Every structure is written in structure tokens, then in C-alpha cells.
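This report refers to the structure that appears directly beneath it.
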Amino acid sequence: MISKINKIKNLGLLLNSYSWNSHLTAPSQLDNFKRYNLFYGWNGSGKTTLSRLFSAIEVGELNDNLDLEYEVEDMNGHVYKNGEKFNQNIRVFNHDYIENNLEIKHGKAKAITLVLGDVNRAIVKQIEDDETSLKEKKDNHKKVKESLDHKIKTKGYTFTAIAKTIYVLITGGAVRTYRKDHAENDFTNLTRKELLDKAEFDNIILIVKQNSKPIIEKIEEIEINFDGKESKKLSLAIQSLISSMNTLLAQTVESQIIDRLKDHDDISSWVEMGINIHEKYKSTNCEFCRQSLPENLLFGLSKHFNEADKKLKRDIDNLMSNLDYLYKSVDNIKAPDKARLYDELQDEYGKSYTIFNTEKSGLLKVIEEVKRTLENKRFKTTESVILDTTIDMQSFMESLNVIASYVNQHNKKTSDFDSEKKVAISKLKNHFLSTIFDEVKLLNKEIQDCEDKIKIIVNGDETSGGLGINALNKRIADNQAKISSTHKACKDINTGLAIFLGRDELFFEPHRIKAQDEHGNPQELDDGYVIKRNGKPAINLSEGEKTAIAFVYFTIHLKDQNFDLSKGIVVIDDPVSSLDSNSLFQAFAFLKNAVKNAEQIFIFTHNFDFLRLLLNWVKNDDHGKKARYYMLKNYYNINQRQAYIDNMDIELSTYESEYHYLFKILKEFKSNGTIAQAYPIPNIARKVLETFLMFRVPNNKSSFQKIQTIRETTNYDENKLTAIYKFTNDQSHITGSGFNPALVQETQKSVEYLLEMIEAVFPEHYKILLESIN
């Protein structure tokens, strides 16, 4: 049961900021709710607004007011907030209920399914047992489902985290290209853990992080072509060249030795060049000094530089040209800079690069030494010269081959770069997925276990024969169909309506519609009721008839199979609105019989006579110890009218008539200058005036005509009578013009006039009223 309402916020204009005990006018604290809870309040005080709160409490929200906030406390001290379903069913009779269940304007109503009284007890017991079992299974289903969802989320978080790690390492780009679903898909292909050791991991990271580099021109042993002859590999060309050098160095020519030329190579070279010049130009004079050349001089020189000598020197010149060509060819062999190679090759390649350049420099130096030997031979054509320097190609060729091997590795990697990178990325993924291998396998097992449990809970266990949720729902529905009757509810509504109205011209009739089942077969379905008058759809219902129909329908609805009255809470808002006084007792009788077995009851009314019936009823139950009485009052907060709950005035719960209570309010009224205090007084004054006129001028004329009678039969001031009528008539009805600031002063003056008039017109009656309130 509900113990109290701790807080209400944003529930209409009157209850947008309410808290328990926050606006008490008396020093006592509000009594907590009991089984019976009666609320009294003027029209417009907020009763219907408060009744809507109970509709929200049952489900946790109001569909048309999602900003609503509240806190209610049950008898065990548990606090329920908006968004949290209350642990008991609540049924509320108010304007919303009528709108949601009855289309009185169109003469329609929703169906009510009752449990018949003569049903098989075994079936009822089976339904109760099945509902208990169903609740347990649903609770267990919820618990297992929550566990399943948690494990699925945990697994998802695990894959999300590892996918982010993999993504950062394999790309790290601005756009995320490897996500949770990719990781999950790759994990399905992982049959075992494939963890990498540190060296493998570092190498894989290096490959993955690298970008492809261009192909480097291939390094091969060059071919040499001397004097337009057949090309030969460098090593073979050098061997051939060395053989030719050795042969040439061993050759000698005979000549007349001129000692000075023999001893001075530079002079010999100069003289030889001069002979060639003189022969070319057929000079008989010295081209240097222009003197005539002696015949014996030229003859002697020609003996020294004979034809064999010239041929040998030409051969030497040719060989030296080949050596120059060889030198340039070797010098042009360039090893690529290590920066052009992939990172993992650079360190070792750098060492080989140094060795190669050393070997190359050594080879070039040897070629230069051989060339100098040949140059010396040119001046020693008459002597055999031995080549002391040997050109060793082996070390150079080995270093060249090592350079070529690294270049080949580099080029192969570039050619295979995409496939190699894919392999590396695959290994990297598998490595990181292997780090969560055991965790995911365990989660998969736990998820499968949860799914198996849910299947058993929903579908049952064939092995043990236990029914699941689906089977229990079906058996409950089948059994309810055996013991339920929509037509019985219709009969009960019509019986109640005839008793309430005292006539049977209005009645409910079941309405069925044609439809198709899941297999397309035609069928008829219940579609609620049609309200008829004398066999025809009811139209132009009076307000009293509408209220009667709605309230009788509600009392029967409390017996609906979806609501257990003995464990439920019933809330009724002004069931006698628009009913005449003759219908109060019928409404009370229906209400009392309908809710007498409810666990907790809340009733709101503005009708004092109806309140007296309710008070007399609940006070007879354990001397009223199970009942509490409240009022809904209003106050003004920054020009905004607000409602709050207060304990009912003791006089209101004690006096036998509303007239005595209202007279007491007027008699004790002293204006404090606020509109809030004056606001309800015109309505109270109108009720007191109409009651007084009813027995003082007992005819069927209007209040205005009765006041005219008093004016004609007494000497009371005509102006004051006019002020009294204007105040009670104009100020007690909605004008649409807003609050009149003159209300405060007018209220104090008019109340004094009214009490003065009662005392003047009927002093004995006035004296009795004073005694009753004192």
C-alpha cells in the first residue's frame, strides 16, 4: 500500500512543486495513508490532477506528461520514483479513465472479461499455480537475460579494445578502418593462440609500419668491349688484358742506342715526337731553330726509333687505352646508397657497402700501377719488363656480388611488398587476438550457457517435462478461456445500470467484428460493447446518464480478470459529478460494494453530502482506525495558484451538514489581504445563501427572486441585499477576465453583509448556528 507522497513536480499547474508536509496550516503533521483515504476539496482545487498521479505510479509515467517527477513511499518505506513501476496494480476512475475506456459520445466501450463464479476450482488453482510459476520463470529469464547481455557487452568491449589496438598498429590513419566486427570475424578463424616472441613482433611491426620503396637498378658484372671486339665479362676481360700486358712487356726491339736518349726518357719522348713532325711536314730544317738538319743526325735517330719500336709503342698505347677504359668501367660501378634500401637491410648492407668501396678503390689503384708500368715500358722498348703488380679480381667480385644480393633482396621485397605486408598484418592481428583467446573462449561458453538456459526457460525442458514461458502462457490463456465470459460482464453492467438509473432503457450490447486468424481463416473477435437506448445506438446522453454509465462500468471493471481487487489499490475521483441528489445513495451503494474488498482506497469528492456517506461508512470499520481524512487546499506562490494536501478540518469530518461547516468558515473569516485567502469565499457564501433561502423562502423560484421576497417582507437594506447577490453570483463563477484585485475588500464586506442579513431576517436561526459551531 501507498504510505505517503513525498514529492510531486510538473503535474499540471496546481501540482508543479509539491512535497509532503510542506504547506501545513496547522502545527500537526500529515497523517500517513491508511486503507481508506478520503479527500475533500472545492471544484478546481486539484482533485482530478492528483488522481492522475496514481495512474502514473502504477506504470512509472504518464504518456502525455513525460516531464512528471514524483516520489511515493510504500508501507515498508520503499520509495518509488518516476520511471519505476509500483509493486501493486492500481485502477483509477477519473476523466482519463472514461476517455480511455468509453466513447460515450459514439456509444462504445471496451470489453471487460470476468471470471465466472461457478468455475472448476481445479482450473482456477491451476491458473494461480501457473501464474506463480510464470512469474518465477520471467524473473529468472530477466536475470539470465541481464547476465547474457552483460557478457555480450563485455565480449563486445573486449573486441572493441583489441580492435583499437590493432588498428593503431596496422594503420593509425585518421579514418578508423578496423573495428569490433572485423576483430570478431578474424577471431573466428583463429583455432589456437599464435603469440609472437619479441624478435618476431619487432620485425612484424617494422614490416607493417614500412611503406613500399622503388626498385633499384640491378647490380651485375659488367661486360668490357676492347677495340670493338667481342664483349667479355669484367673478370675475363681483365685476365685477357693481363695476358696481353705480360706479352707486350716481354717484347724487345733492336736499335742504335743513343746514350743521351737512353738516359733521359723525357728527351727521348721529345725527340721522337720531333722526328714524327719533321717526317710529316718533310722538313729539311729544324722546326725549332730553323737551321739545316745534318743528314747523319736524322739517319742516326731513325736507327734509334725504328719501325719495330714504333709498333711496340703503338701496342703499348692501345693497351693503355684499354686500361683507361677498364678504369672508367670499374669506376662507374656504383653501389646504391643504403637509404634506398628497406630499413631491415640497411645495417648489414652498410658494412658490405664499405667493403665494396674499399675493394673498388684497391682495384682502381692496381690498374693505375699497371698503367704506370706500361708507360715505363714505352721508354724501354729494347728491354724486357716484368709486371710486378697482379690485378686480383676475386675480392672485388665477391664484394660486388654481396652488394648485388642485397639489391636483389630489396627488389624482391618491393615486388612482394603487398603480399608480405598482408602476411605481416595477419600475424599481428592473430598475435593480439591471441592475447584475448582464453577470455573470449570463456565468454563464448558462458554466453552459450545463458542462451541454453533461456531456451529452456522459454520453451521448457523435454527431459524433465518442465513447461517454459510459452507453454505456461498458452495453458493460462486456454484455462482462462474456459472460465471467462465477456457476455457475463455485459449482463452485470446492464443489471447495475438499470438499478442505478431506475430504468432499463439504456443497456450495453457485445460487439463482434470479423477478422482472419494467422492462417487466413475467417473468425469473429470481441470488440467491446455498443451502448444502446431502446435497441438503438444511444445518442444525446445527459450528463447524469454519462456519469452513471461510466461509474457502473468502472465498478464492474474492478472484477476484470486482469485486476486482483484484494491486492489492488482503487482511486475514485468525484463519482457523483453531474448526478442529482437522488442518485447520491445509488452511487454510494455501488462504490461501497465495488471496493469493499480492495486493499487500499482513495476517494476524492467536492460533495459534502456524499462525503458524509463516505465518513459514516469508513468510521464503522474498526472504529475508523483504518481511515484517514484530507483536504486539497490552494495558496498563491508568485501569482501562481498551487495545491497542497492538508489534514481535513475536524469540523468538516464532524458536522452533520455542509451548511454548518460553511457557516463556521464565513463566521471566522478575517481577511489577511491576499487573493489566495479570498478566492474560495464567494463559492462558500453562495452555498450558505442558497441553503438559507431554501428553507426561509421555500418555493421553486430562483435565488434572485427569493432575495426580492426577503426585501419585500423585511426592512433589510436593499443595497446590501444587492451587494450580497452580486458577490455570491458573479464571483463564484468563471468570468474569463482574470483575478480582480478588488476581490479582497469586496469579500470581507460581502461576508459581513451576508451574516448580518441572516441574523436580521431570522435571529433564532442565527443563534442556533452560533451555538452549533461553538
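The values are calculated or read from the model by the stated rules, or taken from the named source; none is laboratory data. Model, not experiment: these values are computed from the prediction. Quick reminder, even Gly has a Cβ in these numbers, built from the backbone with ideal geometry, and neighbours come from all protein chains shown. The accessibility values were calculated without ligands, DNA or RNA, using every heavy atom of the protein model including side chains. Shrake-Rupley method; radii C 1.70, N 1.55, O 1.52, S 1.80 Å.
Quick notes on this structure:
- Sub-9 Å Cβ pairs linking a first residue in region 214-227 that is more than 17 Å from LYS328 (Cα to Cα) to a second residue that is assigned to a loop (DSSP other than H, G, I, E, B), at least 6 apart or interchain, are ILE216/PRO336; ILE216/LEU341; GLU217/PRO336, ordered by first then second residue.
- Of all residues making up region 148-193, the number that are among the aliphatic types (A, V, I, L, M), part of a helix (DSSP H, G or I) and more than 27 Å from ASN211 (Cβ to Cβ): 3
- The lone criterion from (1) hydroxyl-bearing (Ser, Thr, Tyr); (2) without any contact (Cβ under 8 Å) to a residue 60 or more places away in the chain; (3) within 24 Å of HIS95 (Cβ to Cβ) left unmet by TYR553 is number (2).
- Answer from PHE305, PHE288, PHE299 - the residue that is open to solvent by 50 Å² or more (accessible area, probe 1.4 Å), modelled with pLDDT under 65 and among the aromatic types (Phe, Trp, Tyr): PHE299
- Applying a threshold of 7 Å to beta carbon distances and a minimum spacing of six or more residues, or different chains, the list of pairs starting in region 337-350 at a residue that is open to solvent by 80 Å² or more (accessible area, probe 1.4 Å) and ending at one that is in a helix (DSSP H, G or I) reads LYS338/GLN346; LYS338/TYR349; LYS338/GLY350; LYS338/TYR353.
- From THR714, THR722, THR709, residue being out of contact with any Asp or Glu (no Cβ under 6 Å at 6 or more places or on another chain), open to solvent by 60 Å² or more (accessible area, probe 1.4 Å) and among the polar types (S, T, N, Q): THR722
- Region 147-184, residues that are within 18 Å of LYS445 (Cβ to Cβ) and charged (D, E, K, R): ASP149, LYS151, LYS153, LYS155, GLU184
- A search for C-beta distances below 7 Å between a residue of region 106-133 that is part of a helix (DSSP H, G or I) and any residue that is basic (Lys, Arg) and modelled with pLDDT of 75 or more, counting only pairs 6+ apart in sequence or on different chains, returns ASP130/ARG475.
- Residues that are outside any loop (DSSP other than H, G, I, E, B), of a type outside the set (A, V, I, L, M, F, W, C) and open to solvent by less than 50 Å² (accessible area, probe 1.4 Å) within region 17-51 comprise TYR18, SER19, TYR36, ASN37, TYR40, LYS47, THR49, SER51, listed in sequence order.
- Pairs, first under 21 Å from ASN94 (Cα atoms) and touching a residue at least 24 places away in the same chain (Cβ under 8 Å) in region 599-628, second among the charged types (D, E, K, R) and in a helix (DSSP H, G or I), C-beta under 6 Å, six or more apart: GLU599/LYS567; PHE604/LYS47; PHE608/GLU658
- Given (1) assigned to a helix (DSSP H, G or I); (2) over 60 Å from the mean Cα position of the chain (by Cα), index of the condition PRO698 fails: (1)
- Of the residues examined, LEU614 is one that is more than 23 Å from GLN29 (Cα to Cα), at pLDDT 90 or above and of a type in the set (A, V, I, L, M).
- Residue check for LEU148: touching a Cys at 6+ places or on another chain (Cβ under 8 Å), modelled with pLDDT of 80 or more and farther than 30 Å from LEU312 by Cβ: yes
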